[in-house]
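What follows is a single structure, written as structure tokens, with notes after it.
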Amino acid sequence: MKRVLLINDLACKGECSMLINIPILKAMNTNIDIIPISLFSTHTAFKEFYYKDLTKEAKNIYEHFKKINDKYEATYIGYLGDEAKIDLVDEILASHNSLTLLDPIMGDDGKLYKKFNSNYPKKLLKLINKANIITPNLTEACLILGIEYKPNFTFLEIKEMLQKLSELGPEIVIITSVVSSNEVINYLFDSKNNKIEIAKNPRIRGKFYGTGDLFSSLFLGFLLNDFSLELSLVNSSNLVYKVINNEPSNYEPLEGIKISKIFKDIGSLIYE
């Protein structure tokens, strides 16, 4: 069974981050060692939240891991938030060699999230340069590249963004949740083969927190189970769509998405 080192925040309420990463990756036949790098009472879309910096604790956890088992097939990096955490993760990546997926969580709807300063995208380039795969949403792609966000980009503009992001280091770039009038599109660029893959699903209007965590967890899980890039993209996109399409009419966005409804689908895809 393949082992993943998971570095992300832990939000205690509102299903996102590790509350999604762990059950999804577990369902996808992986062992997981976790390093919670920040603690939140809730995710940051809530008006108020408690925050605890765990950088020191995260370093101590990893130092202990090195004494036990420092062999990982993959490293998943999610929400960091400041330069000290970027430096720590950079140190961790330098100490072992594995497939590295970085979800550069920092913004949405054209804006940085709370707690992020304007220099953060530039600081994150240190890790983007070392990642094999990055999965920014459209806002995050714009922030990384330093270009102006707009709701609608042409395919040629998206293609150029994918290529520019790949030039920063990653072999695989996925820009997620590109919205058109009636579709949500995920674009994947495979720089090794100079190929673009596209996955489309119907657009469902509303706010669905945690879908980025879900997509990235699924995508990495499928890769670790030897699915192709194309199938990993399509399966991940379809399962995210299934989750949000089946939310009840009284769905409360801040509570987060309910992922249990796709566990059977994951099992049938992986173990069939």
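Subtracting the Cα-Cα distance of Glu91 and Ser180 from 0.36 nm times their residue separation leaves 28.1 nm of extension gain.
Estimated from helices alone, the mean residue ellipticity of the chain at 222 nm is -12000 deg cm²/dmol (sum of -39500 (n - 2.57) over DSSP H runs with n ≥ 4, per residue). With kT/(6 pi eta Rh) evaluated at 20 °C and eta = 1.002 mPa s, and Rh the Kirkwood radius from Cα pairs, region 1-137 diffuses with a coefficient of 140 µm²/s according to Stokes-Einstein. In region 79-203, the DSSP beta bridges split such that about 75 percent are antiparallel, to the nearest 5.
In region 80-186, what GluC sites (Glu not before Pro) fall in a loop by DSSP, with at most 16 other Cβ atoms inside 10 Å? In loop regions of region 80-186 (DSSP not H, G, I, E or B), the sparsely surrounded GluC sites (Glu not before Pro) are Glu148, Glu171. Between Arg203 and Glu183, Val184, the built amide H atoms are under 5 Å apart, and every one of these is 5 or more places off in sequence or on another chain. Note on the chain: antiparallel DSSP beta bridges, both residues inside, total approximately 45 percent of the bridges counted. Within the same chain, lysines fewer than 8 places from Lys67 are excluded, and of the rest, those with a Cα less than 18 Å from its Cα are Lys56, Lys59. Structure note, pairs Lys47/Lys85; Lys66/Lys200; Lys2/Lys261; Lys52/Lys200; Lys47/Lys242: Cα-Cα distances above 30 angstrom occur for Lys66/Lys200; Lys52/Lys200. Annotation: lysines with alpha-carbon distance below 17 angstrom to Lys192 (same-chain offsets under eight excluded): Lys130, Lys159, Lys164. Between Asn245 and Asn69, residue separation times 0.36 nm minus the direct Cα-Cα distance comes to 59.4 nm. Which shape class, rounded, prolate or oblate, goes with the chain when its Cα gyration tensor gives a ≥ b ≥ c as root eigenvalues, a/c under 1.5 marks rounded, and past that a/b bigger than b/c marks prolate? It is rounded, given that a/c, with a ≥ b ≥ c, falls under 1.5.
Every number in this text was worked out from the coordinates using simple rules, so none of it is lab data. Values in this document were obtained by computation on a predicted structure and should not be read as measured data. Don't worry about glycine lacking a Cβ; one is built from the backbone with ideal geometry, like all the others, and counts go over all protein chains shown.
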